[in-house]
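Shown next, in C-alpha cells, is the structure this report addresses.
The values are calculated or read from the model by the stated rules, or taken from the named source; none is laboratory data. Owing to the predicted nature of the structure, the values given are computational and were not obtained by experimental measurement. When we count neighbours, we look across all protein chains shown, and the Cβ atoms used for this are built from the backbone with ideal geometry, even at glycine. The accessibility values were calculated without ligands, DNA or RNA, using every heavy atom of the protein model including side chains. Shrake-Rupley method; radii C 1.70, N 1.55, O 1.52, S 1.80 Å.
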Amino acid sequence: MNAETLSQVEEGALFQGFVLVARKSVRQSASGEPYWDLVLQDASGRLPAKVWGEVLSSHGGIELQEGDTAKVRAVGENYGGRRQVKVLRFRPVRPEDGVDASALLPRSPRDAEAMFVEMMAILDTISDPHLKRLSDSFFREDAAFAEAFKRSSAATRIHHPYVGGMVEHVLSLLRIGSFLASHYPEMNRDLLLVGIVFHDAGKVIELEGLDYSTEGELLGHVAMGYEMVRERMRRLEGFPPELMLQVGHLILSHQGEPEYGTPVVPKTKEALLLHFIDNMDAKMFQCYESLRETGAEGQAFSERNWLLKRRFYRGGAEEQAAPPDGTPEKKS
Ligand SMILES: [Fe+2]
Ligand SMILES: [Fe+2]
C-alpha cells in the first residue's frame, strides 16, 4: 500500500519521498493550535497536505517555505471526497540527498511539444516576409532558444508557473489574438502575432527553472526580451526600421500600466490589444486555479484569491442550504 509518487497516494497509503512545497499557509485549528496547510508537488502532480500542531512541535521549529524541496513521510487521507496527505515527518532536502530539483518541477498539464507544433502552425500563417523571417530565426533556426522556450514557465507564481507554461500561455494568446484580429478593423494581424510570441521572450532567460536568474532579477523580462529581439531584427538583412520600432514597442509596452512596471504605455492598437489579452489570460488562469485548488470539495466558494482580491463562486450554494432530504423547510 505504499505510494511512490503523490499521484499514487490513496487513502491509508504511506508515501515517502522528495517533494516541492508549492503552497503554504499557516492556519489555526479549532483548538487554536497552528498548523500548516500545504500543497505538495512532485513530477506526478500536486496534492494538498496538512502538518498538524503535534507534528510541528515534534520537529523543533524546522521551517519549510514555498519553493523549498523537502523529504516527507505522509499518509493518504480522504477529506470530503478529496485526496490529501497528513504529514508525519519532514525535513528540508540536503545536498547529500542528490535530488535534482528540476525533476520535481510542476509541468503543464498539456504536452509542450504538441503545443509547440500548434503554435508553429499559427505562426506559419504570418504573411509579412520580415516578420516571418524574425519568427523563423528564433523558432526554426535557433534550436537552443526553441528548446528553452518549450521548457520555460510563463511566470514564477502568478500564472502558468510550470515547465511548458510559456508555450501554453503564448498558444492561448495566439488563438485569442487570431480571433480578435479579424474582429477589429485594420488590425495588423502579423504584427500582433509576432508581439504575442515575443512579448514574454525575456522570461526564457529571466527565469531559471521557476526562480529568477540574477540577470532577470536586475534587468527584468521586458528589457531583456526587447534587447534580444531588437538585436535579431538588426541582424536580419533589410528589416524595415519602422517595423523594428513597432515590434519593439509591442514588447516594451505589454505590461500596460506603470504600476505593472511598464517603461511605456501601449500606443498602437496592436499593443493595446496585446496588453489586454495578456492580462486576460493571466487573470483567467488565476480564476480557474482558485476554483480548482482552493476551498474544500462541495464548498460554494473558493478561498480568497489575493491577486484578484475576491473569492470565486462555484455554484451550488442553494443546494447546500436545502435540508439533506431535499424537502423545503416548513414555515411555522
Ligand atoms: Fe510580461
Ligand atoms: Fe504574458
Just how much of residue 125 is accessible, in Å², when a 1.4 Å probe is used and the result is rounded to the nearest 10? 70
Calculated FRET efficiency for the pair residue 7/residue 57, C-beta based, R₀ 30 Å, to 0.05: 0.50
Compute the distance in nm between two label points, each set 7 Å from the Cα along the Cα-to-Cβ direction, one at residue 178 and one at residue 265. 3.3
Exactly which chymotrypsin sites (Phe, Trp or Tyr not before Pro) in segment 1-81 are in a DSSP loop and have at most 12 other Cβ atoms within 10 Å? none
Give me the accessible area per residue for the chain, probe 1.4 Å, as a whole number in Å². 53
Taking r as the C-beta separation of residue 86 and residue 110 and R0 as 30 Å, the FRET efficiency to the nearest 0.05 is 0.45
Just to compare against my own numbers: the Cα pair-distance distribution for segment 1-143, 10 Å bins, whole % per bin, please. 11, 33, 23, 13, 12, 7, 1
Work out the P(r) tail for segment 77-169: percent of alpha carbon pairs separated by more than 24 Å, whole number. 46
Out of the total accessible area of the chain (probe 1.4 Å, heavy atoms of protein only), what percent is carbon and sulfur? 53
What do you get for the angle between helix 221-235 and the principal long axis of the chain? Use alpha-carbon atoms, 0 to 90 degrees, nearest ten. 30
In whole angstrom, note down how far apart the Cα centers of segment 109-185 and segment 207-270 are. 16
For the chain, how many pairs of lysine residues have a Cα-Cα distance under 17 Å, where the two are 8 or more positions apart or belong to different chains? 8
Distance (nanometres) between label positions extended 7 Å along Cα→Cβ at residue 125 and residue 14: 5.6
Between residue 103 and residue 234, what is the FRET efficiency for a Förster distance of 45 Å, r being their Cβ-Cβ separation, to the nearest 0.05? 0.70
As a test, work out the antiparallel percent of DSSP beta bridges whose residues both lie in the chain, rounded to the nearest 5. 90
Log entry: pair-distance distribution for segment 138-202, C-alpha pairs binned every 10 Å from zero, whole % per bin is 21, 47, 26, 6
Would you kindly state how much longer the chain becomes between residue 280 and residue 303 on full extension, computed as 0.36 nm times their sequence separation minus their alpha carbon distance, in nm to one decimal? 6.2 nm
Values of log10 I(q)/I(0), in the order q = 0.08, 0.09 Å⁻¹, for the chain under a Debye, Cα-only, solvent-free model: -0.48, -0.59
Over every pair of different alpha-carbon atoms in segment 6-89, take the mean of 1/r and invert it; report that Kirkwood radius in Å. 12.8
What is the angle, in °, between the Cα long axis of helix 241-253 and the longest principal axis of the Cα atoms in the chain? Nearest 10 is fine, range 0 to 90. 20
